[in-house]
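Report on one structure; see the data block that follows.
Derivation of every value follows stated rules applied to the coordinates shown; laboratory data play no part. This one's a predicted model, so the numbers in the text were calculated from it and none came from an experiment. Neighbour counts run over all protein chains shown; Cβ positions are idealised from the backbone, glycine included.
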Amino acid sequence: NAGVTQTPKFRVLKTGQSMTLLCAQDMNHEYMYWYRQDPGMGLRLIHYSVGEGTTAKGEVPDGYNVSRLKKQNFLLGLESAAPSQTSVYFCASSPGPGTDTQYFGPGTRLTVL
Amino acid sequence: GENVEQHPSTLSVQEGDSAVIKCTYSDSASNYFPWYKQELGKRPQLIIDIRSNVGEKKDQRIAVTLNKTAKHFSLHITETQPEDSAVYFCAASDYKLSFGAGTTVTVRA
């Protein structure tokens, strides 16, 4: 049981490039989340999903897109990366809504030059 | 939306002393309050949580208190040890989590 995994662990992009971050969970959780973590700002919710085929905007959705085609996977896309998107990205999953424990992945450190 | 404020931003304590971190929240509908610990370079991990029908919860050296009327909750760590050094985040949720900015705790040997 791997829990929540993220791919890749590190990535460096140039401004304007695109990329997709993959999150996978093997706990059969309905809810999945993407956060970004910046120094002194805690974790901010980018997008989330309440089940396969659904997505919703979080606190800081601009510049990102997501898809949840399979229950176990949640993809975060950057279509045209900007230096302001340099951050550590964490995926999380939970069995139910916000009052259920969220389990985090190991994170992806993204640098945009 | 929910706004969570966390204080202090940094906390240095002598080994064996207690550490207290305080958070306030704005949305009275929030009813779940977890605390996460994050070691350097690692993922956040849940250490304790409390729900709105409970005023206090304890787990060994860690305790959390909740005052719904005042909309604040606190984390108490007693008998601190070097392995307690980490960043601690509070969060509040009605249907999705909002996090505080974090407290960097350093336990001095």
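Could you calculate, for segment B:1-52, the ratio of the Cα radius of gyration to the Kirkwood radius, expressed as Rg to Rh? Value, to two decimals: 1.00. Across peptide A:26-35, the average count of Cβ atoms from other chains found within 10 Å of a residue's Cβ is 1.
Taking a sphere under 14 Å around the Cβ of A:GLN17 and counting the other residues whose Cβ falls inside, with K and R at +1 and D and E at -1, yields a net charge of +1. Charged neighbours of A:GLU59, selected by a Cβ distance under 11 Å, balance to +2 (K, R count +1; D, E count -1). Separation of the alpha carbons by more than 29 angstrom is noted, of A:LYS71/B:LYS37; A:LYS70/B:LYS68; A:LYS9/B:LYS22; B:LYS37/B:LYS68; A:LYS71/B:LYS42; A:LYS9/A:LYS57, for A:LYS70/B:LYS68; A:LYS9/B:LYS22.
B:ASP59 sits among other residues whose Cβ lies under 13 Å from its own Cβ, and their net charge, with Lys and Arg +1 and Asp and Glu -1, is +2. Other protein chain C-beta atoms within 10 Å of residue C-beta, averaged over A:38-47: 4. Using a cutoff of 8 angstrom between alpha carbon atoms and counting only pairs six or more residues apart, the relative contact order for chain B works out to 38 percent. In terms of packing, defined here as the mean over residues of other Cβ atoms within 10 angstrom, the peptides B:47-54, B:30-37 line up highest first as B:30-37, B:47-54. Assuming R0 = 35 Å, can you tell me the calculated FRET efficiency for the pair B:SER18 and A:ARG44, based on Cβ-Cβ distance, to the nearest 0.05? Between B:SER18 and A:ARG44 the formula returns 0.70.
Take each residue of peptide A:84-91, count the partner chain Cβ atoms within 10 Å of its Cβ, and average: the result is 1.
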